[in-house]
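This report concerns only the one structure given below.
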């Protein structure tokens, strides 16, 4: 682990804050090639890339998962897992339904007599949900993407996931009432969802986490007129801790994040005055990591990810908060004294977990919040996935002749200043035109 002093190791601190996704340019170029191939060659290209990258023989007969296969998966998965998914589904639905209700659907403003503006809210018509595979299977990603889409009222919801798709993913899809599911992953899945093929109709918006190539493909899809949630990169966690924090909890949360991906980032901010206490807690965190990692299944991935692990030492809580807001973490765990008051001062974070008994995995699975979150510092301007991502907001303007007359001069003056004569005339003619 790297141990850095916030006030002294400025260059190293800056490097951690300005993290960048390695080799993104090459991923973008490769994604462009594959997306072009899928656009031109449709299903055939999907079959080719699925064989190349997933070593799976895809054809027109097994591209789409049948409803019978979904029903079989529901019967096969352990009953305990099914009930766990059902429990998580209920909590996530409860949160997103409350989120939906909080959106003001009755906005109407009378700007002046004769000028009234209201807001029309409609759901996107179709959404593609990318569910990662490969290193692990993520039924939780089905719940996190399909539930807000359902609550928003999206009519057509499509899932794509690399083969073989696990029974747990299919069971989660069943719980969410999604039955249009395709056995494709990676760039080719994003390409199919954005441009369509003989079998797969394109969608209006694509959401869900993925690797660097999926991120690149989503950004290309956005440039071609398809909506996306966010250009998410490797997962990350930042923990604010002090001498009251439990080293075992800190180590467990670091390891939980590290097992996602070799590129995952884990940062612990230690706010401790006493030098002896600092050395003691760092030593104990190290011991806990060594002990806890021994029997973990994804030990190799974790060990690779721990190369990115850093401990930042701050002289006071203000510095800890300043660093956190500059870093803008995807996940923020506040495990120090007065965590609630610290949370109030956080401006940039995807999801905030307050206290020793609010570990990030609770939010990953079953507490109810969404786990599709902004990474790589984009929490400075972006939010986690929500019902709002599946809604569109249109202003509806009702203007009478009397109302237009009240703003006529202002519109004409501004249009003239901008050199847009037709804009000016569009208003002017309405008061000069006489019925024949």
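The values are calculated or read from the model by the stated rules, or taken from the named source; none is laboratory data. Keep in mind that what you see is a predicted model, and the values were worked out from it rather than measured. Using ideal geometry, Cβ is built from the backbone for each residue, glycine included, and neighbour counts are taken over all protein chains shown.
Residue count for region 297-307 under the criterion of being touching a helix residue (DSSP H, G or I) at 6+ places or on another chain (Cβ under 8 Å) and over 26 Å from residue 275 (Cβ atoms): the result is 5. Note on region 329-357: residues that are touching a helix residue (DSSP H, G or I) at 6+ places or on another chain (Cβ under 7 Å), assigned to a loop (DSSP other than H, G, I, E, B) and without any contact (Cβ under 8 Å) to a residue 24 or more places away in the chain total 2. Which condition breaks for residue 158 when tested against (1) in contact (Cβ under 8 Å) with a residue 40 or more places away in the chain; (2) outside any helix (DSSP H, G or I); (3) within 18 Å of residue 92 (Cβ to Cβ)? Only one criterion in (1) in contact (Cβ under 8 Å) with a residue 40 or more places away in the chain; (2) outside any helix (DSSP H, G or I); (3) within 18 Å of residue 92 (Cβ to Cβ) is unmet by residue 158, namely (3).
Results for (1) out of contact with any strand residue (DSSP E or B) (no Cβ under 6 Å at 6 or more places or on another chain); (2) in contact (Cβ under 8 Å) with a residue 40 or more places away in the chain; (3) outside any helix (DSSP H, G or I), shown as yes or no for each residue.
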{"site": "248", "(1), (2), (3)": "yes, yes, no"}
{"site": "254", "(1), (2), (3)": "no, yes, no"}
{"site": "281", "(1), (2), (3)": "yes, yes, no"}
{"site": "284", "(1), (2), (3)": "yes, no, no"}
{"site": "306", "(1), (2), (3)": "yes, yes, no"}
{"site": "311", "(1), (2), (3)": "no, yes, yes"}
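What do you reckon, is residue 268 within 16 Å of residue 1 (Cβ to Cβ) and either outside the structural domain of residue 304 (by TED's automatic domain parsing) or under 18 Å from the mean Cα position of the chain (by Cα) (or both)? No; evaluated as a whole, the condition is false for this residue. The number of residues in region 63-108 being outside any helix (DSSP H, G or I), farther than 18 Å from residue 178 by Cβ and over 23 Å from the mean Cα position of the chain (by Cα) comes to 6. Among the residues making up region 221-246, those that are buried (at least 21 other Cβ atoms within 10 Å of the Cβ) and either farther than 24 Å from residue 363 by Cα or without any contact (Cβ under 8 Å) to a residue 60 or more places away in the chain (or both) are 221, 228. Within region 209-218, the set of residues being modelled with pLDDT of 95 or more and either touching a strand residue (DSSP E or B) at 6+ places or on another chain (Cβ under 6 Å) or surrounded by fewer than 19 Cβ atoms within 10 Å (Cβ to Cβ) (or both) comprises just one member, 218. Restricting 356, 409 to residues that are over 30 Å from residue 252 (Cα atoms) and out of contact with any strand residue (DSSP E or B) (no Cβ under 8 Å at 6 or more places or on another chain) narrows the list to 409. For residue 165, the criteria (1) within 21 Å of residue 66 (Cβ to Cβ); (2) touching a helix residue (DSSP H, G or I) at 6+ places or on another chain (Cβ under 7 Å); (3) buried (at least 21 other Cβ atoms within 10 Å of the Cβ) hold in every case but one, which is (2). Considering region 230-246, the residues that are farther than 17 Å from residue 338 by Cβ and part of a strand (DSSP E or B) include one that is modelled with the lowest pLDDT, namely 236. Taking region 6-15 only, how many residues are in contact (Cβ under 8 Å) with a residue 40 or more places away in the chain and either assigned to a loop (DSSP other than H, G, I, E, B) or not assigned by TED's automatic domain parsing to the domain that holds residue 314 (or both)? Summing the residues that are in contact (Cβ under 8 Å) with a residue 40 or more places away in the chain and either assigned to a loop (DSSP other than H, G, I, E, B) or not assigned by TED's automatic domain parsing to the domain that holds residue 314 (or both) in region 6-15 gives 2. Can residue 384 be described as in contact with a strand residue (DSSP E or B) (Cβ under 9 Å, 6 or more places away or on another chain), outside the structural domain of residue 210 (by TED's automatic domain parsing) and not in a loop (DSSP other than H, G, I, E, B)? So residue 384 does not fit the description; no. For the condition crowded, with 19+ Cβ neighbours inside 10 Å, within 25 Å of residue 278 (Cβ to Cβ), free of Cβ contacts under 8 Å to residues at least 60 places away in the same chain and touching a strand residue (DSSP E or B) at 6+ places or on another chain (Cβ under 7 Å), residue 323 does not qualify. Scan region 70-80 and tell me whether some residue there is within 30 Å of residue 212 (Cα to Cα) and exposed (fewer than 12 other Cβ atoms within 10 Å of the Cβ). Checked region 70-80: no residue is within 30 Å of residue 212 (Cα to Cα) and exposed (fewer than 12 other Cβ atoms within 10 Å of the Cβ). Within the option set 58, 46, being within 28 Å of residue 194 (Cα to Cα) and part of a helix (DSSP H, G or I) holds for one residue only, 46.
For residue 329, the criteria (1) touching a strand residue (DSSP E or B) at 6+ places or on another chain (Cβ under 7 Å); (2) surrounded by fewer than 13 Cβ atoms within 10 Å (Cβ to Cβ) hold in every case but one, which is (2).
Filter region 179-206 for residues that are assigned to a loop (DSSP other than H, G, I, E, B) and surrounded by fewer than 24 Cβ atoms within 10 Å (Cβ to Cβ) and give the result.
179, 183, 196, 197, 198, 199, 201, 202, 204, listed by residue number.
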